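The values are calculated or read from the model by the stated rules, or taken from the named source; none is laboratory data. Every value quoted in this text rests on a predicted model; they were computed, and no experiment measured them. Reconstructed Cβ throughout: ideal geometry from the backbone, glycine too, with neighbour counts over all protein chains shown. Quick note on the areas: whole protein, heavy atoms, side chains included, nothing else; ligands and nucleic acids left out. Shrake-Rupley method; radii C 1.70, N 1.55, O 1.52, S 1.80 Å.
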Amino acid sequence: MRSDPNGKAPLGLKIAAAAGLLFLHLPILLIFVYAFTTEDRSYQWPPPGLTLKWFAVTWNRPDVWEALGLSVRVAAISTVMALILGTLCAAAVSRTKFFGRETISLLVILPIALPGIITGIALRSAFNLADVPFSFWTIVLGHATFCVVVVYNNAIARFRRTSGSLIEASMDLGADGFQTFRHVVLPNIGTALLAGGMLAFALSFDEVIVTTFTAGQQATLPIWMLEELVRPRQRPVTNVVAMVVVLVTFLPILAAYYLTRDGDRIAGSGK
Amino acid sequence: MQTAVAFSTVSRHFGAVRAVDDVDLEIKEGEFFAMLGPSGSGKTTCLRLIAGFEQPTSGHIEIFGETAEGVPPYRRNVNTVFQDYALFPHLSVADNVAYGPMIRGVAKAERRKAADEALCLVQLPGYGDRRPGQLSGGQRQRVALARALINKPKVLLLDEPLGALDLKLREQMQEELKALQRSLAITFVFVTHDQGEALSMADRVAVFNDGKIMQVGAPEEIYRAPRSRFVANFVGSSNILPPELTERLAGNRSWASLRPEAIHIAAGEGQRATVTGYSYLGAATRLAVDMGGQRLTVLLPASSDVPAVGQQVFLTWQPSDLHLMEDEQ
């Protein structure tokens with residue numbers, strides 16, 4: 001076994017690593033290439049020609065804007081709900097001791113472990129039973145089930161690393177509950193919430209399965225793309241949209257990664 | 001002199017645990033008061049009751065004549081130096097110190113000036129722009145002190161503030177804290193499990209055990225005249241003599257305490273004993289002796305001759321050094 005961190009890896013290992021990375025990312029590049037193809041009925045390789053006209057076509061398609069708008073609104077509202085509920089829940093579980101605390105922690109995390117299709121079916125039958133019409137808000141509720149978990153996980157990890165005496169110190173120095181939250185709690189969990197919120201937004205933005213079960217007539221962007229692939233007309237429009245989705249989801253996740261990367265020191269540890 | 005903090009029959013129970021049990025206490029204004037006891041004896045809970053982080057299960061607390069019931073920590077004119085210092089990691093040292101004035105709405109320039117003054121007071125001038133993470137343990141402790149003192153509290157609470165420091169630094173901080181307390185004339189309430197620290201710094205000491213106060217008094221009084229076996233043992237080790245032996249030696253049938261340094265070795269007269277062991281401590285030598293079945297510890301000054309193990313010696317002491325204890329415990 002090699003333990004020298006500066007040692008060179010064997011050639012075979014390098015090739016395997018490169019092959020793995022290519023396998024992960026080449027198909028995504030393919031999607032990008034097809035966004036510029038001149039052929040619009042089948043995905044022909046190599047593309048017979050390259051054009052930028054699909055960007056203009058996409059720009060002028062109202063259904064794209066409608067789907068995009070819906071997705072952004074759903075993701076934004078689910079994220080806000082998740083930020084509030086997830087933070088409150090994490091604060092309760094990490095700050096106090098009560099009967100059934102571990103059970104509650106598990107129950108909160110469970111929705112993300114469940115297959116989306118089960119969450120979807122369960123929510124659909126529950127909405128049916130309760131006579132709730134499928135709408136924008138049922139999609140938001142469906143997405144919130146897993147968005148809350150993402151925020152909760154981020155927030156609770158940060159709460160556990162933040163010394164409890166910081167809050168007491170703030171109160172001791174004259175700050176009431178609200179001032180303590182604003183000046184001490186929020187700055188200490190802020191980056192964790194930002195990271196959790198961005199991840200939640202990205203998850204909601206490209207969610208298909210739960211959405212198919214909880215949506216009415218609305219099509220979020222991923223649903224619209226699925227429908228579009230079936231229709232052999234202006235196919236590269238889908239690829240243009242796919243490119244945008246990749247950028248919209250990739251950038252926040254990258255930002256979240258950098259924001260939480262150096263949060264490893266324990267906040268408030270005195271010794 | 002006014003009373004700073006008064007407890008009357010205060011109890012704080014956590015479930016079945018009586019952390020503080022029926023405590024009466026009076027801390028005077030301007031006093032350096034130490035709460036001494038082993039861990040779990042209720043001293044820290046008492047401190048938290050004064051700070052307002054805990055509410056008494058029963059009883060009554062007054063701070064400068066005003067009832068503390070229902071008064072949250074942020075409305076008490078009391079500040080705390082926490083055991084882990086609890087400095088805000090996201091703020092600079094100056095912003096940490098200026099946190100209290102910031103909350104009270106003091107203008108930025110003014111509170112920065114106050115923070116710099118407070119940092120000078122604790123001998124950390126020019127440290128304002130650093131982060132708490134860049135400071136050593138001793139420096140963090142001074143910042144925590146400055147952050148509390150800037151609010152000009154009527155009572156300063158210190159929860160084992162020197163516990164995390166090494167010995168040299170601890171001795172230096174003991175002197176500084178005492179000097180600071182004298183010059184500011186603020187009431188200091190100090191929690192510690194280190195009897196040496198309590199004796200050397202405090203004007204008065206309360207010895208805690210099992211949620212109760214065993215004895216309150218000046219350090220000399222506690223040391224010379226412990227009221228119970230617990231106090232005699234916890235505050236400086238002592239020889240505890242059972243009632244039968246005390247009766248034989250002093251004529252009174254009660255438990256007695258005899259400090260190791262009060263026993264002298266005399267030639268030819270006194271109580272006969274056999275040396276069973278010794279350890280060299282530098283400034284003194286500690287002898288273990290057996291006096292008719294009773295094991296005793298004797299502390300000899302460094303200059304005196306040390307008898308060999310197994311040698312017969314005669315022990316003497318001033319009759320007043322054999323202190324009879326009132327309490328059974």
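With respect to the stated conditions, residue B:59 is assigned by TED's automatic domain parsing to the domain that holds residue B:159, surrounded by fewer than 20 Cβ atoms within 10 Å (Cβ to Cβ) and part of a strand (DSSP E or B). Can you find a residue in region B:82-90 that is surrounded by fewer than 21 Cβ atoms within 10 Å (Cβ to Cβ), under 16 Å from residue A:180 (Cα atoms), out of contact with any Leu (no Cβ under 9 Å at 6 or more places or on another chain) and within 8 Å of another protein chain (Cβ to nearest Cβ)? Yes; the residues of region B:82-90 include at least one that is surrounded by fewer than 21 Cβ atoms within 10 Å (Cβ to Cβ), under 16 Å from residue A:180 (Cα atoms), out of contact with any Leu (no Cβ under 9 Å at 6 or more places or on another chain) and within 8 Å of another protein chain (Cβ to nearest Cβ). Restricting attention to region B:119-172, the residues that are facing chain A (nearest Cβ under 10 Å) and of a type in the set (S, T, N, Q) add up to 2. For region B:96-109, a residue qualifies if it is surrounded by 13 or more Cβ atoms within 10 Å (Cβ to Cβ) and among the small types (Gly, Ala, Ser), and the qualifying residues are B:98, B:100.
Residue count for region B:178-193, restricted to those that are open to solvent by less than 50 Å² (accessible area, probe 1.4 Å) and either of a type in the set (S, T, N, Q) or within 27 Å of residue B:13 (Cβ to Cβ) (or both): 6.
Total residues in region B:62-81 satisfying the condition of being hydrophobic (A, V, I, L, M, F, W, C), at the interface with chain A (Cβ under 9 Å from one of its Cβ atoms) and surrounded by fewer than 20 Cβ atoms within 10 Å (Cβ to Cβ): the figure is 0. The residue that is farthest from the chain's Cα centre (by Cα), among those in region B:251-270 that are surrounded by fewer than 19 Cβ atoms within 10 Å (Cβ to Cβ) and assigned to a strand (DSSP E or B), is B:266.
In the set (1) away from chain B (no Cβ under 14 Å); (2) crowded, with 22+ Cβ neighbours inside 10 Å, residue A:172 fails one condition alone, (1).
Within region A:4-36, the set of residues being assigned to a loop (DSSP other than H, G, I, E, B) and open to solvent by 100 Å² or more (accessible area, probe 1.4 Å) comprises A:5, A:6, A:8. Check whether at least one residue in region B:110-123 is under 26 Å from the mean Cα position of the chain (by Cα), open to solvent by 50 Å² or more (accessible area, probe 1.4 Å) and under 29 Å from residue B:164 (Cα atoms), and report yes or no. Yes, some residue in region B:110-123 is under 26 Å from the mean Cα position of the chain (by Cα), open to solvent by 50 Å² or more (accessible area, probe 1.4 Å) and under 29 Å from residue B:164 (Cα atoms).
The set of residues in region A:37-67 that are open to solvent by less than 40 Å² (accessible area, probe 1.4 Å) and assigned to a helix (DSSP H, G or I) comprises A:54, A:57, A:58, A:64, A:67. For region B:7-20, the set of residues classified as open to solvent by 20 Å² or more (accessible area, probe 1.4 Å) and either acidic (Asp, Glu) or part of a strand (DSSP E or B) (or both) consists of B:8, B:9, B:12, B:13, B:14, B:17, B:18, listed by residue number.
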